[in-house]
Amino acid sequence: MGKLNNKVALITGGNSGIGLATAKLFVQEGAKVVITGRRQEALDQAVTEIGGDVTAILADAADISKTKEVVEKTVSAYGKIDILFANAGVAYFGPHSDITEEFFDSQFNTNVKGPFFLIKEAIPHLNDGAVIIGNTSIVNQKGFDGTSVYTATKAAFRSLSRVLASELKERGIRTVSVAPGPIETPIYGKLGMPQEAVEEMGAGFAQQVPLGRFGAADELAKAVLFLASDDASYVNGVELEVDGGLSQI
Ligand code: NDP
C-alpha cells in the first residue's frame, strides 16, 4: 500500500527537476498526479517518464488567467485535490544595482503572484485535511550575493504559507514549505549566466554545505512525500530545510 493511495496531487512545474522527481515518487506511492509546465514537449516526455496516473497541463505559472483552467482540469480529471505542490519557479541572479523593474516583475510573477492566485483558486476544490506545499529555498534564511529578487520571492512565499496555515485551520488544511539547498537540476542551465560562472557558483555552494555536495532531486522528492503524507499529519506552518545543513551552520 502506497503512502498516497488515491490522493490527488497537483504539481506545478512537474516536467523537470524537483517537480518531475516528486511526480514520479507520488505516482509510485499511489497518487493521481497533474503536472504543469510551459513546454508541451517536455510535458509529453515527463508523462511518458512518470507513467501511471498522470495528466499534463500546459500553463505558464505567471499567467493568472490560466489558474482557473488548471484547477478545473485537475478536478475534472481526478476529483478534489489533496496535495498542491507549488513548485514551479525561476531563478535569475544579478547585483541589486542592476535590477530592473522587468527583471523584478518576471520573477515575482512566476514565484509569488502565480502560486498566490493558483492557491486561491484551488482552495474551494481542496479536500478538508489537504496539504499545500510551497517550494521555497534556504536563500531566504541567508544573504547570498546577487540573489536579492529571487530571495525576496522565496521569503514572500514562506510568509504566505504561515498565514494560510492559520486561515485554513478550520478545514484541517496544512500549509508547509520545503526549502531546498543547492540541488542538481536543470535550473542551473537556465540562469542566463555563462557556464563557467555557474560552475564557480555551484562549487562555492557545495563547499559551504556541511555534507560537501549538491543534493539530488530524488532527495527533495522524498522530503516532499513526507510533508504530503499522513506521516506529517501534525506538521504544519513549517519550512523544512533539505540542504545538507547549509542553512544551519
Ligand atoms: P527546474 O528548472 O528543473 O524546474 C522548474 C520547473 O518549473 C520546470 O518544470 C519549469 O517548467 C517550471 N516553470 C518555471 N517557470 C514556469 C512558469 N512560468 N510556468 C510554468 N512552469 C514553470 O528547476 P528545479 O527543479 O531546481 O526548481 C523547482 C523549484 O525548486 C523552483 O521553485 C526553485 O526555485 C526551487 N529551488 C531549487 C533549488 C535548486 O538548487 N535546484 C534550490 C532552491 C529552490 P518549464 O521547464 O516548462 O519552464
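Values quoted throughout were computed directly from the atomic coordinates according to the rules given, and no laboratory measurement underlies them. Note that the structure is predicted; figures quoted are calculated from it, not measured. Here the Cβ positions follow ideal geometry from the backbone for every residue, glycine too, while neighbour counts run over all protein chains shown.
For this structure, a couple of remarks:
- Vicinal HN-Hα couplings computed from phi for region 114-127 (Karplus, 6.51 cos²θ - 1.76 cosθ + 1.60; Hz; Gly/Pro x): x, x, 4, 7, 5, 4, 4, 5, 7, 3, x, 9, 8, 5
- Less than 5 angstrom separates the built amide H of I183 from those of G215, all sequence-distant by 5 or more or on a different chain.
- Spatial separation of Cα centroids for region 99-147 and region 1-53, in angstrom: 20 Å
- Of K154, K73, K24, the one that fluctuates the most in a GNM where the chain has Cα springs shorter than 10 Å: K73
- Sorted by Cβ neighbour density within 10 Å, fewest at the top, the residues Y92, Y150: Y92, Y150
- Positive-end residue of V71, S97, A86, charge dipole of region 24-114 with Cβ unit charges: V71
- Backbone amide hydrogens, once placed in the peptide plane, bring A130 within less than 5 Å of R174, excluding anything fewer than 5 places away on its chain.
- 222 nm mean residue ellipticity, helices alone, for the chain (DSSP H n ≥ 4; -39,500 (n - 2.57); rounded to 500): -12500 deg cm²/dmol
- Proximity of backbone amide H atoms, modeled 1.01 Å from N, is registered between L240 and S177, V178, A179 at under 5 Å, excluding neighbours fewer than 5 places apart on the same chain.
- For the chain, built as a Gaussian network whose Cα springs stay under 10 Å, the top-fluctuating residue of Q208, Q28, Q107: Q208
- Cross-link partners for K7 among the lysines, with Cα-Cα distance under 18 Å and sequence neighbours closer than 8 places in the same chain left out: K24, K32, K73, K80, K222.
- The chain: most fluctuating residue of T151, T48, T185 per GNM, C-alpha cutoff 10 Å: T48
- Contour minus Cα-Cα distance for K169 and D218 (0.36 nm per residue): 14.6 nm
- Derived scalar couplings ³J(HN,Hα) [region 198-203; Karplus, 6.51 cos²θ - 1.76 cosθ + 1.60; whole Hz; x for Gly, Pro]: 5, 5, 5, 5, x, 5
- In the chain, a dipole from Cβ-located charges (positive for Lys and Arg, negative for Asp and Glu) runs towards its positive end, and of I11, V149, A232 it is A232 whose Cα lies farthest in that direction.
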